[in-house]
1. State the number of residues belonging to region A:741-760 that are in contact (Cβ under 8 Å) with a residue 24 or more places away in the chain, among the aliphatic types (A, V, I, L, M) and crowded, with 16+ Cβ neighbours inside 10 Å.
2. Return the pairs, sorted by first residue and then second, in which the second residue is among the small types (Gly, Ala, Ser) and open to solvent by less than 50 Å² (accessible area, probe 1.4 Å), the first residue lies in region A:532-547 and is under 23 Å from residue A:132 (Cα atoms), the beta carbons are less than 8 Å apart, and the residues are 6+ apart or on different chains.
3. Check off (1) in a helix (DSSP H, G or I); (2) surrounded by fewer than 16 Cβ atoms within 10 Å (Cβ to Cβ); (3) among the small types (Gly, Ala, Ser) for residue A:363 and give me the number that stays unchecked.
4. From the list A:417, A:390, A:385, exactly one residue is surrounded by 13 or more Cβ atoms within 10 Å (Cβ to Cβ) and modelled with pLDDT under 95. Which is it?
5. Taking the criterion of being near DNA strand B (Cβ under 10 Å from one of its atoms), in a strand (DSSP E or B) and aromatic (Phe, Trp, Tyr), would at least one residue in region A:684-696 satisfy it?
6. Going by the conditions given, is residue A:172 within 16 Å of DNA strand B (Cβ to nearest atom), open to solvent by 20 Å² or more (accessible area, probe 1.4 Å) and part of a helix (DSSP H, G or I)?
7. With respect to residue A:158, is the statement that it is under 27 Å from residue A:334 (Cβ atoms), within 13 Å of DNA strand B (Cβ to nearest atom) and open to solvent by 10 Å² or more (accessible area, probe 1.4 Å) true?
8. Please go through (1) over 30 Å from residue A:729 (Cβ atoms); (2) touching a Lys or Arg at 6+ places or on another chain (Cβ under 6 Å) for residue A:643 and return the number of the only condition it doesn't satisfy.
Amino acid sequence: MTNLVIVESPAKAKTIEKYLGKDFTVRSSYGHIRDIQKKGMGIDLENGFLPNYEISSDKKKNVTELKKLAKASDTIWLATDEDREGEAIAWHLAEALNLDIKTTKRIVFHEITKPAIQAAIANPRTVDLDLVDAQQARRILDRIVGFELSPILWKKIRTGLSAGRVQSVAVRLIVEREKEVEAFESNFVFRVQGQLKLLDKSGNPVGDLDVKRTATFATEEEATAFLEAVAKANLSVVSLEEKPAKRTPKAPFTTSTLQQEASSKLGFSVKQTMMVAQRLYESGKITYMRTDSVNLSELAIAQAKETITSEYGAKYSESRRYKTKNADAQEAHEAIRPTDFGVENVTGERNEQRLYQLIWRRAIASQMADAQLKRTTVDVGIDLLPDDKLTAKGEVVIFDGFLKVYDFDAKDGSGLLPPMTIGQALSVTELGAKQSYSRPPARYNEASLVRTLEEMGIGRPSTYAPTIDTVQQRGYVIKEDREGKPRDYRQITLVDGKVSAETLSEMAGTEKNKLFPTDIAGIVTNFLTKHFGDILDYQFTAKVEGKFDVIAEGKMQWQDMLSEFYTQFHPRVVAAEDVSREEAGQARSLGNHPESGKPMFVKIGRYGPYVQVGDGENEEKPTFASLMPGQKMDLLTLEQALDLFKLPREVGEMPETFKAKAVDGSEFGVEKGQMIIAKQGPFGPYLEYGVKMYAPIKGFDPLSITLEESVALVENKIQADADKIVKTFPGTDVKILKGRWGPYITDVTTKKNAKIAKDEDALELSLEECEKRLEEAPEPKKRGRAAAKKAPAKKAAAKKPAAKKTPAKKAAAKKPATKKPAAKKTTTRKVAAKKAAVKKIDAK
DNA sequence: CAGTGAGCGAGCTTCCGCTTGACTT
């Protein structure tokens, strides 16, 4: 009797194999083995959203091997994780290995112990196809959203961009937070704090007391008046309160909380945390690191108790069972914990040791007793200000409990207060009122973004780190440090009975390892929220998850759910095709032009980012300049933008005539005294040195390039142009030039070009023949405004019916009463109307 | 937006979730 057990992870397979007898072979799938085809949509949008699955390229070898083993085995046990994805993996395995889905045994275990595994083997079920359907709906929806939205971004904003249910919301969070920070208006209050001396009956100091005034002052005058009153007043202890308090340990780590703590305590990036954790997992030191569960197995709880009791004594032990708050959690695994609590430290790399210790402490602490504290609050009365007071707080640990191992969050500074009695007098050592500014909302770092996403139920433990990576790779988000700016503040100080004030400086807004949105992120988020607001909605995932749950319960067909989604989603994709690049590329405002006061923007256009001055109001035409090569639109300042308009600039006159000789002996070049002008074009800066004579500026700043440098560039260009000449016809504008694809005929003034066949000898061609061909050649295409506006409209008209008909037809067939056909008929007219509307606005 | 030099067309980019690879520089 031979058995094949398939789990997801190879590390798990190894452990399980030990617990099962010789009759059992345990192998792993290495996660998902099949996925929707890699290229293209891979979903039949017209026929029930049927996906085309294929074995993932990196799993082919493994699947072949599993197939072989399956054939040789009497019984197959699908032991993938007990969650939606695990169920789907089991189903894909059954499909790929040609197993009967109705009879193949499906087992799950919640902990890897011999009895648990044996119990699982004794109670097999079959694959839950409803749960599989829920996963398919999830997968297909993500593919549709990602693969229909991304191409729109390529067309309207920039190629290579991407959008998706998870990443687009992550980017939105960062964009919105940045807006909040920018819009934040800081105000200030004056906070009073300082140190007092406790006095004995004869006025000798017997102890120090750190105090604060809980309430703040709105103005410097009030704060000064307060300190001046205190200077003259008698201070005494008016109330003394002691209260017991306790602190409770936190739950053991999940992926997200581990990432947060490793970030704040060890300074790890989320990626780094996962890599180090993976190594600990593979070497058997910790349980699985991609989990959303805070649950510990009974065995683990018992083990922890044993360790705590023997290390610290029984009173430190308190067995606790934690519940996951998050409703979206799938809890296929345990919380992250040491596999052996008896091991307090591991060998290996330093970072592995540090992360392990963090995990060990957090898990152990979660099974320890509360810390018992005594909190003391002292109020100091001021006789001249009977309604006011200063307060001191102290906290003493009576019993440390879990703090013995996990004291990272212990409050500092508020230790034991000196002994005192009601009525005891005090004097001021130093008391200050500092002007303190309110702070804008904190920008996200990687870990806090993960926390927010998790709270919103967006993304999964296995995808947090990759998502953070993706948004950075696509150029939506930059992780960096930013220097703050110095800011003045007022400090009023009472010392030796005298009140003085001074202006001091501090750094404000310093950021370290924070996530900043790029301009592209702003553009994409604007565009997507405008046209696909529901997908960018922070609730979108939660809403569809609710539907997936209904599917998993067998109360809804997955096709119906997708159909409902797609019939409202796809038309908006079609509509978004008609949005002009200009509208889609709306970007950042740079402020106003210092002289004209016109608004300035950085936008992204067909040829990349550019600056626009003026918004076309008041019949004034905006002016434009593209960014220099290497300039980043995200970082462009108003000053740099203005610099772009300092071109064209007259660099100087040609000091000498320069002529270059072509192969046929003809000469051309530039005369002495010709003005050289530096200009900025769509592909970068260039020099103009005559009618239709240009040389690109490479390696120099067009604002500061010298005449000497310019002349060198011009001469090089003339020489290069001369080298391109195959033949000239003296006295005419006709030339035969060397092109990248062979020689061609050109007319220098009309810019018309004509072909020369491959088997022809270009040198043999007569002027008459060349002129004839030029005559027949098509007009050179006009580019620029007129052409740019026309082209998309044409394209849309030609492309639309063919490309868009089929899905629409399908929707119409399904629901005859929808507005779909009507909408389609009017598409072209609508485009025209929209364009007209845009023009009207322009004209205004 | 504008021009910097042929013009056209085909092909490419992309999603989210599971899991670790290792033929050779």
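1. Qualifying residue count, region A:741-760: 1.
2. Close Cβ pairs (under 8 Å, with a partner that is among the small types (Gly, Ala, Ser) and open to solvent by less than 50 Å² (accessible area, probe 1.4 Å)) amount to A:541/A:457; A:542/A:457; A:545/A:457; A:547/A:137.
3. With (1) in a helix (DSSP H, G or I); (2) surrounded by fewer than 16 Cβ atoms within 10 Å (Cβ to Cβ); (3) among the small types (Gly, Ala, Ser) applied to residue A:363, the lone miss is (2).
4. Numbers: A:390 fails: modelled with pLDDT under 95; A:385 fails: modelled with pLDDT under 95.
That would be A:417, the only listed residue that is surrounded by 13 or more Cβ atoms within 10 Å (Cβ to Cβ) and modelled with pLDDT under 95.
5. Yes; the residues of region A:684-696 include at least one that is near DNA strand B (Cβ under 10 Å from one of its atoms), in a strand (DSSP E or B) and aromatic (Phe, Trp, Tyr).
6. Working: within 16 Å of DNA strand B (Cβ to nearest atom): yes; open to solvent by 20 Å² or more (accessible area, probe 1.4 Å): yes; part of a helix (DSSP H, G or I): yes.
It is true that residue A:172 is within 16 Å of DNA strand B (Cβ to nearest atom), open to solvent by 20 Å² or more (accessible area, probe 1.4 Å) and part of a helix (DSSP H, G or I).
7. Working: under 27 Å from residue A:334 (Cβ atoms): no; within 13 Å of DNA strand B (Cβ to nearest atom): yes; open to solvent by 10 Å² or more (accessible area, probe 1.4 Å): yes.
Taking the combined requirement at face value, the residue does not satisfy it.
8. Only one criterion in (1) over 30 Å from residue A:729 (Cβ atoms); (2) touching a Lys or Arg at 6+ places or on another chain (Cβ under 6 Å) is unmet by residue A:643, namely (2).
The values are calculated or read from the model by the stated rules, or taken from the named source; none is laboratory data. On a predicted model such as this, the values are computed, not experimentally measured, just so you know. Note that we place each Cβ from the backbone using ideal geometry, even for glycine, and neighbour counts take in every protein chain shown. The protein model used for the area step is the full one, side chains on, heavy atoms only, and it has no ligands, DNA or RNA in it. Shrake-Rupley method; radii C 1.70, N 1.55, O 1.52, S 1.80 Å.
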